[in-house]
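K.L.:
Pasting in a structure now, in structure tokens, and then I'll have a few things to ask.
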Amino acid sequence: MLEITPWKVAQVVLMGRELDRAEGELRGFFERLTDDEMIDLVAIMWIGRESFEPGDLVEALRTARDERTTPSADYLLGTPHLSDHLENGMDSLGISLVDAEDSLMSGR
């Protein structure tokens, strides 16, 4: 159902934790994602902050697609606790980021 891979979400999580140093890099990463992947990130973030339940993923995706009024990158970068919400959202969907984060941190 999700177009974005756990590895890409993990990259956003890690860069988001260093936002004051990595905002430019994260913006560049967002520019390389497809519209569907950006919509997935918004929906995952909403689930992680409990605006939607995990079982409402389809509705969250539809809402993210239909109601965007600002560029998704700006919206996500302006969201407090983005990394935490993305991790919580993926966990709520039953998708662990641990292996992807470990791989990114070790350079594998």
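K.L.:
With respect to Met45, is the statement that it is open to solvent by 70 Å² or more (accessible area, probe 1.4 Å) and either touching a strand residue (DSSP E or B) at 6+ places or on another chain (Cβ under 7 Å) or among the aliphatic types (A, V, I, L, M) (or both) true?
P.N.:
So Met45 does not fit the description; no.
K.L.:
Looking only at residues that are aliphatic (A, V, I, L, M) and part of a loop (DSSP other than H, G, I, E, B) in segment 1-22, which one is modelled with the lowest pLDDT?
P.N.:
Restricting to residues being aliphatic (A, V, I, L, M) and part of a loop (DSSP other than H, G, I, E, B), the top hit is Met1.
K.L.:
Count, please, the residues in segment 3-22 that happen to be open to solvent by less than 60 Å² (accessible area, probe 1.4 Å), within 17 Å of Tyr75 (Cα to Cα) and not β-branched (Val, Ile, Thr).
P.N.:
The number of residues fulfilling the criteria is 4.
K.L.:
Picking from Ser96, Ser83, Ser106, which residue would you name as being closer than 14 Å to Ala10 by Cβ, exposed (fewer than 15 other Cβ atoms within 10 Å of the Cβ) and under 14 Å from the mean Cα position of the chain (by Cα)?
P.N.:
Answer to the selection: Ser96.
K.L.:
How many of the residues making up segment 65-80 are open to solvent by less than 60 Å² (accessible area, probe 1.4 Å) and assigned to a helix (DSSP H, G or I)?
P.N.:
Going through segment 65-80 one residue at a time, the tally reaches 4.
K.L.:
Ok, one more. Can we say Leu104 is at pLDDT 95 or above and of a type outside the set (S, T, N, Q)?
P.N.:
Taking the combined requirement at face value, the residue does not satisfy it.
K.L.:
When you check Ala43 against the structure, is it farther than 19 Å from Ile95 by Cα, in contact with a Gly (Cβ under 9 Å, 6 or more places away or on another chain) and assigned to a helix (DSSP H, G or I), yes or no?
P.N.:
Answer is no for this residue.
K.L.:
Quick one: which residue in Glu50, Glu59, Glu25 is surrounded by fewer than 18 Cβ atoms within 10 Å (Cβ to Cβ) and either outside any helix (DSSP H, G or I) or touching a residue at least 24 places away in the same chain (Cβ under 8 Å) (or both)?
P.N.:
Just a single option satisfies the conditions, and that option is Glu50.
K.L.:
Follow-up. Name every residue in segment 31-41 that is open to solvent by 10 Å² or more (accessible area, probe 1.4 Å) and not charged (D, E, K, R), in order of residue number.
P.N.:
Leu33, Thr34, Met38
The values are calculated or read from the model by the stated rules, or taken from the named source; none is laboratory data. This structure is a prediction, so every number in the text was calculated from the model and none was measured. Note that we place each Cβ from the backbone using ideal geometry, even for glycine, and neighbour counts take in every protein chain shown. We work out accessible area using only protein heavy atoms, side chains counted, and drop any ligands, DNA or RNA first. Shrake-Rupley method; radii C 1.70, N 1.55, O 1.52, S 1.80 Å.
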